[in-house]
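This report concerns only the one structure given below.
The values are calculated or read from the model by the stated rules, or taken from the named source; none is laboratory data. Since this is a predicted model, take the numbers as computed values, not measurements. When we count neighbours, we look across all protein chains shown, and the Cβ atoms used for this are built from the backbone with ideal geometry, even at glycine.
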Amino acid sequence: MSHSGKFYIAGKRLIKALSGMNLRFLVPLLLPLFLILPQTARNDCGPGSLYGFQGYSFLNAEVLRTTPRIGEFFLDFESMAVLETGNRQDQVVDNVTEWTLKVCENALPEDVATVIYQVPVDIMRQLRTAIQSRTIPPPSILSGNTFVNFLYRNKCEETVDYLIFAKECEPHVGPVSDPWGETSRNVPAMLELIEAGKKDFRKTKSDYIKLRYAYQLVRLAHYAGEFDLALELYDFCLPKIDQPLINDQKSLIYYWLLGHKAGALLKTGKRIEASYLYSKIFQHCPSRRQSAFKSFSIKSDEEWQELILLCRNKTEEATLYALRAHNAGSKAIEEMQRIYDLDPSHPFLDILLLREIKSLERDLLGLEFNDKKGYNRRNYGVPRAFAGDYVISMHDFVHDLWSAGKVQNPALWHLAEGYLDLLSGDFYAAEKNFREVGPKLNSEELKEQLEVFQVVLTISAFEKPTSEVEEEAYDIWKREELFREYPDFSDFLRDKLVQLYRDGGRPGKAFLARHTLDDLRMNPQEDILNDLQKVPGESERTPIERLLFRDKEGRDIRSELFDMEAVLLFQEHQLEAALRLYKKIPRPSWDAFGKFDPFRGSFVDCLSCAHSKDTADLYNRGELLEELLDLEYKARAEPVNSAVYYYRIGTALYNMTYFGHSWMAMDYFRSGSSWSRMGGDQEVFSYPGAPYGNQENMNVSRPLYYFEKARLAANDPELQARAAFMAAKCELILYYQSKDFRPPPAPNLAPDVPPAYRNHFQMIVDYYRDTEFYEQLIEECLYFRLFSGDE
Amino acid sequence: MKKHCSNYLVKFLAVFGLWLVFLSGSCTRPNLPAPSPAVYHWKQKFNVSEAEWQLLDSLNCSKIYLRFFDLDKENESGPVIPFSVMEARWPQDRKLEIIPVVFITNRSFQETGAEQVEQIAENLFDKVVRMLEELPPEIKIKEWQLDCDWTQSTREAFFQLAAIIRDKLKKEGLELSTTIRLHQIKFADKTGVPPADRGMLMFYNMDNVRDSSTQNSILDLDVAGQYMQGFSDYPLPLDIALPVFSWAVWQRNTKTLGLLYPFDPSSLQDSSRVEQLSASRYKLLKSTYLDGRFLYEDDQLRLEEVHPDLLLQAMDMLGENLPPESRTLSFYALDQSMLKSFSNESLRQILHRWKKID
């Protein structure tokens, strides 16, 4: 049996899944995208959107290629369900491999698997008939199967007889197909099979086939509940078998057989003897390692001592401690010390070492900049409270062991010491250890691991967001192979850069390293915008800055930043300052930021109604600012017409609030849900994907001010009435935002608005009843109709 | 004459005094009918020992809530299937009432649609029926029980399953009970009331076992007191389950590593291996096996036990809140540790705690 097995760990599965895609051509696009686009898998919108531990791992279980498939068992110990699947698959692979090696090396493994696992027993009987006849060909359904061809050509009657017997046993010993069905077995039928099998065993010449018969017989008896019989059959069969070896190792069937003997011993109360056998299976048989661990059962110090007495050498004894080290709550260093004292070159020492390092990696790697550490703490209890002390204890232990020179793979341990230095924050010591261990590494896997650790160290050791650091970070990003094999590099590097930028007073770069401009538009932040404006021109930018400063289409975002800054000022009614900024954007580009018609008045606020198509009514932001400033100027310069101008300003300002049809002139994103959450001065609302929330432009006091100015300045009662009506709309909104607001008892009822918020409605009734506008208002506005009592 | 009169007076006063004592005692005791005794049996093999039968006989207890199997998902996304199916060696010639209990994990109902729930209910019903096929005639079945600690998100699914089972049982003239937790009574309007004929109030596991400040997560009457509301309005008649077990909370550096259950407190008496830090906290002096589990030097154990006195107080508390109606009191659970920790007499006292003094 080949001992170079495959390794499966959670990370490796992910890597394999990713490597199934041809990422090579996507990398140039991915590089900026991972920076600029939000990382939805790690989006900070609450634990509900996250799944699994959110950390980084760079440990490659392939470093243990010499030890068959131990890695996944130990390194992903939490995922027992995954391991169970893996174990079943491993058993199939191991079994097929052994058949191939022992019986027919020329057969294709998939053909062997077909014969063993899929061909029904009656077809196998036809094959036997064909072999016995010497003239009848094999069943046509098996034509082309290389294993069948071998069996037929070489007249392997014994092997076929065994396969028939095994298939006859299978229904009695296989997992229950219907978990809701009967769990009891047909014991009489199983006992009959045992008798038939014993006869076949006796006449079989091949030791390998005899071993397989022995396995079937003991298994039948075990599952039939005939435990004493199982033990008798074991004692009957084994002395008659000259143990076959596969690549100088005992057959895995021997260990499978041992497992059933151990099971029978367990059921007959011989727990210690059973546990001893389980420890041998644990040591030698990867595909049954997990079940051996689960069945291993020692309950007292006395039993433990008895168990030790059964061990024939220190390696076996050391395996007992390796088993104990895998109990939940075990103290790894204590058990590893015991293993080392007994057998310094025990292979399980390496495995336990990597397991502990992986746990410490979860605790400590990137802890200072992992933005999901709160989530990890709440959901996984990571980092463990003692991790800080433990990494030092483990470090010292590792150093002592490898420097004594007795462990099987001292280079691995030396490398591990370096990584532990890194995890504990001693980058100097880590770098020194990595430098020293490099020449000692023989395997490609360890060399690759060193390379990966060195990159992790480089990133971890970044101190300030200098241009040199950015250049180095960019060089790391370009290593697409690394990112494909170790996908955590993407998050690790990004999160580190975010931390550097944040600590280095570059909030803008920190933001864009993790989010997009769209995220910022939800609630533009002045400090972020100011910082981003410090990024120099294209020719002077670092490669990272070039990446950050591009939008989804690859265009420079400078103008978009000016647009956002202008909108912020616009919201504060700092029109001149806003226009000055806007003029930094090339005028031909102004339309690209949208066109709006806020001067269009309406009785009813309609967000979804069509905007004017008349270009004379449409203004881009820059033009809007110019127009508003012009109106202000005119209102001051032409007092006789000021009412008209003020009314026009008020209309625009109202329509550009959250409540108006041109809200997008002064805001980038509007959420309908904000309506039900508004109150008081609140204008920022939480929103998924919005790191600073969603800011809504809900302040109607400024348009109210202008409507009042218009009404007071107007001579024309029609204009006065209009201004009063618009002011009344503002008053109603203020009522909705106030603490006085009481929702109506039913949604189809008008709210009962207190008189304090009906001043302007009352004004219209008192003073403008004779205007044409009043008639229109009665016609158009239900609220006013109800208020006035007029029809 | 004078001496004779004074003797008579003393005796009268003594009897009168005793009568006053009894009267005052009975005034503080709840005036409820004594509950019928029962036990839970929660092991995979139903094989009651002679000592356990003797205990049951001494309590006149012939009712056993017997765990038949657990239901859980095979894996995170797999189907719901039975686990740890009970292996029965039915006692012959013994009159018993068995209540088949099925424990259902909350996970079984997560992301489980109505059709799947229906299928699970059918499978559950058929399996219990099959398991009852070999039942001796002396053993009666009048009720089944579903044990599930449902949550807001799984409530609908669990209630659907309970309703299906209840309908099926009704056709057979049987009743359905479900386990109820204290918070499900206090907040019944939020948690809902399962569609069952009776509820079994699980009067234990009240506090957070992982919290290092918790004294006794099995039964803490201060914690229970916060939930003693809503009993009179609760629509299901309630039976009670009281704990008769103990366990040890295994801790290291204030972090809880696990629960040692079942746990034999006498294993903490070995002063060469264990140091007592306080009434309920112990420290391991060396790495060693303790009651079947390997623990390490400096690990700590918080022993949580239930004593008869505590159960008497629990009965008093329950008696003050439960409406007067007949009900069952079941001890969780029948095993060797129950026999070790509770004498027959102490269990009898608990059972008769509400008995009126005539």
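Below are the figures for this structure:
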| read-out | value |
| --- | --- |
| Filtered residues of segment B:275-293 (kept if away from chain A (no Cβ under 13 Å) and assigned to a strand (DSSP E or B)) | B:E275, B:Q276, B:R281, B:Y282, B:K283 |
| Test: residue in segment B:319-329 that is closer than 30 Å to A:I298 by Cβ, in contact with an Asp or Glu (Cβ under 9 Å, 6 or more places away or on another chain) and either in contact (Cβ under 8 Å) with a residue 12 or more places away in the chain or assigned by TED's automatic domain parsing to the domain that holds B:F203 (or both) | no |
| Test for B:A121: is it modelled with pLDDT of 95 or more, more than 13 Å from chain A (Cβ to nearest Cβ) and assigned to a helix (DSSP H, G or I) | no |
| Residue tally, condition away from chain B (no Cβ under 14 Å) and closer than 20 Å to B:T254 by Cα, over segment A:363-373 | 1 |
| In segment B:294-304, the residues that are touching a residue at least 24 places away in the same chain (Cβ under 8 Å) and facing chain A (nearest Cβ under 10 Å) | B:L295, B:Y296, B:D298, B:D299 |
| Test: residue in segment A:559-567 that is surrounded by 15 or more Cβ atoms within 10 Å (Cβ to Cβ), part of a loop (DSSP other than H, G, I, E, B) and not small (G, A, S) | no |
| Count of residues meeting criterion [in contact with a strand residue (DSSP E or B) (Cβ under 8 Å, 6 or more places away or on another chain) and β-branched (V, I, T)] in segment A:528-582 | 1 |
| Segment A:313-335 residues that are farther than 16 Å from B:Y296 by Cβ and more than 14 Å from every other protein chain (Cβ to nearest Cβ), paired with ones that are among the small types (G, A, S) and surrounded by fewer than 16 Cβ atoms within 10 Å (Cβ to Cβ) (beta carbon under 9 Å, 6 or more apart) | A:T315/A:S345 |
| Residue check, B:A224 crowded, with 18+ Cβ neighbours inside 10 Å, assigned to a strand (DSSP E or B) and among the small types (G, A, S) | no |
| Conditions (1) of a type outside the set (S, T, N, Q); (2) away from chain A (no Cβ under 14 Å); (3) surrounded by fewer than 18 Cβ atoms within 10 Å (Cβ to Cβ): number failed by B:D264 | (2) |
| Evaluation of B:W250 against (1) outside any loop (DSSP other than H, G, I, E, B); (2) surrounded by fewer than 22 Cβ atoms within 10 Å (Cβ to Cβ); (3) among the hydrophobic types (A, V, I, L, M, F, W, C) (one fails), failing number | (2) |
| Counted residues, segment B:50-96 - those being within 14 Å of another protein chain (Cβ to nearest Cβ) and either at pLDDT below 90 or in a strand (DSSP E or B) (or both) | 18 |
| Subset of segment A:253-282 (residues that are buried (at least 19 other Cβ atoms within 10 Å of the Cβ) and either within 14 Å of another protein chain (Cβ to nearest Cβ) or touching a residue at least 60 places away in the same chain (Cβ under 8 Å) (or both)) | A:I253, A:R271, A:I272, A:S275 |
| Looking only at segment A:336-362, and only at residues there that are of a type in the set (D, E) and more than 27 Å from A:F53 (Cα to Cα), the one that is nearest to the other protein chains (Cβ to nearest Cβ) | A:D341 |
| Where a residue in segment A:283-304 is within 14 Å of chain B (Cβ to nearest Cβ) and its partner, wherever it lies, is crowded, with 18+ Cβ neighbours inside 10 Å and of a type in the set (D, E, K, R), with Cβ under 7 Å and at least six apart | A:S297/A:R271 |
| Top-ranked residue in segment B:224-259 [being in contact with a Leu (Cβ under 7 Å, 6 or more places away or on another chain) and closer than 19 Å to A:S330 by Cα; ranked as nearest to the other protein chains (Cβ to nearest Cβ)] | B:W250 |
| Which numbered condition B:I99 misses (of (1) part of a helix (DSSP H, G or I); (2) among the aliphatic types (A, V, I, L, M); (3) under 28 Å from B:D316 (Cα atoms)) | (1) |
| Residue match in segment A:692-701 (condition: in a helix (DSSP H, G or I), more than 40 Å from the chain's Cα centre (by Cα) and either crowded, with 22+ Cβ neighbours inside 10 Å or hydroxyl-bearing (S, T, Y) (or both)) | yes |
